[in-house]
Every structure is written in structure tokens, then in C-alpha cells.
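Below is one structure; the comments refer to it alone.
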Amino acid sequence: MVLVQVVLAAMGGFPAAMPVYERFGLTWAGVKQGQLWQLGTHALVHGNWFHLTLNVLAVYLVGGRVYHILGGRRFVWIFWVGVLFGSLLHLLFHPAQPMGIGEIQNAPLVGASAGAMALLLAMTSLSPDSRMWPVPVSGKNLGRGLLIGSLVLFLLTPGLGIPGLSAVGAWLVELGQGTIFQMGHIYHLGGGLVGWLYVRRLLGSPVTLKQLKEQRERRESIAS
């Protein structure tokens, strides 16, 4: 991801490197033309360094915990299935003109945020009683809040034309907040659902904070 961003930055970044974004970012037109690699390559491309940093930190900090608990194989599975499922939902439901008719067209989808969301929801499901710094809420409530928030923001998208909800979204656009509808909220939701459902199926019932402490104590006693 970092190497790709270095190349894009050398080309002038977005929108100067638009041909690269259109080639490797995710677009419905590209997929219909047989460019199926976009379902994976878009996760390696980011809009700018800030976008990349957020995703890398999320994958490193949250994904590292998932890696140590579930192992590398499941870590990779959760990340990439989250990316793929989020991509499919984005292609199917994200409108071409998210801010409404007459506004700018939707840009190619880029970024690994669906994979990061999958890992985050996996972590909150693995440890529902833990406090997820820096947010002072339990993992369970954080996970639910992220899923609900992504769904609500998606439903408010003016381009969907949902009565009432789209009117609220259009009001936000008038207030100068239209950029929030350029984000892939349905993409994030799809990734989050993958992480949440995978752990729910894997464990059957959530792991409590007490159980995690007991498991840690057993490992430490064996190591000593």
C-alpha cells in the first residue's frame, strides 16, 4: 500500500493520477468491461497519505490483535473477504451520483477501509467487554455503533432517493457537508458485517473479558 502511494504521489496524486485510479480503483464500468482485478486492487490504492495512514493504523493496531488471537490465516481471510463483500455491496447499491442528480459523479472507490472494518468488528466481537481506546465504550457497543452509523449514513445518501432520509441528506449537502456521501458507507458496512458474522459463527458465543484474562494467565504461567 505504501509503495503504491509513493508511486501515486510521484504522479501528482489525485486527481492528476486519475487514469491509475480509474484502472485500479473500483468502478462499475470497469467491472462490466471485465476488469475484475479492481475488486482487489482498489484496496491497495488510496486517495492521499492521510487516507492511507488511517487504514494502515487500523489494520496494524486492530488487526494485530486479531492476528494474535485467531492466527495469520484467519486474519487474511477476514480482511480480504471483508474487502470483497464490501466491494459487491458498493457496486450494487452505491448511487452513481451520491449527492443527488446534477451533482458530481461518483469517483472510483479506493482504500482498504472495508478490510479494516472487518478486522475491527472481529475484534469487538472477540472481546465485547473490553474498552476500545480511545473510545470509552465497550467493544460490543462500539461494534454496534459502527454498523448502525454506517447504515444510517448510507440511507441518508441523497442519490438513493429514499423519502425523508434523502431530504435530510440533501440538507446536509446544502450545509456544505456533502463530502460525507462520497465515502463508501455501504462498503464499510459490508466489511464490518463480515468480521462480526465470522467471529459469531466461529465462537458461537462472545468471549468475555474474564475469559480473556484467564487465557492470558494460563499462557503466562506456561511461559514462566
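No lab work stands behind these numbers, since they all come straight from the coordinates. Note that the structure is predicted; figures quoted are calculated from it, not measured. Here the Cβ is made from the backbone with ideal geometry for all residues, glycine too, and neighbour counts use every protein chain on show.
Cut-off is 10 Å between beta-carbons; in what order do I180, I148 appear when sorted fewest neighbours first? Walk me through the numbers on the way to the answer.
Values: I180 15, I148 11.
In increasing order of surrounding Cβ atoms, one gets I148, I180.
For the range 157-168, just list the computed ³J(HN,Hα) in residue order, Karplus coefficients 6.51, -1.76 and 1.60, θ = phi - 60°, integers in Hz, with x standing in for Gly and Pro.
4, x, x, 6, x, 6, x, x, 5, 5, 5, 5
Could you size up the charge dipole of the chain around its Cα centre, putting +1 on the beta carbon of Lys and Arg and -1 on that of Asp and Glu, and report it in debye to the nearest 20? Provide the component values of the computation, followed by the final result.
Details: 15 positive and 7 negative charges, 181 e Å.
So the magnitude is around 860 debye.
Given the -39500 (n - 2.57) contribution per DSSP H run of 4+ residues, what per-residue ellipticity at 222 nm results for the chain, rounded to the nearest 500 deg cm²/dmol?
Details: 11 runs with 142 residues, N = 224.
After summing the helix terms and dividing by residue count, I get -20000 deg cm²/dmol.
Using the beta-carbon distance between A9 and E217 and R0 = 35 Å, what value does 1/(1 + (r/R0)^6) give for FRET efficiency, to the nearest 0.05?
Working: r = 47 Å, r/R0 = 1.34.
Computed FRET efficiency for A9 and E217 comes out at 0.15.
In the Gaussian network model of the chain, springs joining C-alpha atoms below 10 Å, which of A96, A29, A58 carries the largest mean-square fluctuation?
A29
Please arrange L146, L120 by counting, for each residue, the other beta carbons lying within 10 Å of its beta carbon, fewest first.
On the way: L146 19, L120 29.
Listing L146, L120 from fewest to most nearby Cβ atoms yields L146, L120.
Using the Karplus curve 6.51 cos²θ - 1.76 cosθ + 1.60 with θ = phi - 60°, what ³J(HN,Hα) values do you get for each residue of the range 117-128, in whole Hz, with x for Gly and Pro?
Coupling constants for the range 117-128: 5, 4, 5, 5, 5, 5, 5, 5, 7, 5, 9, x Hz.
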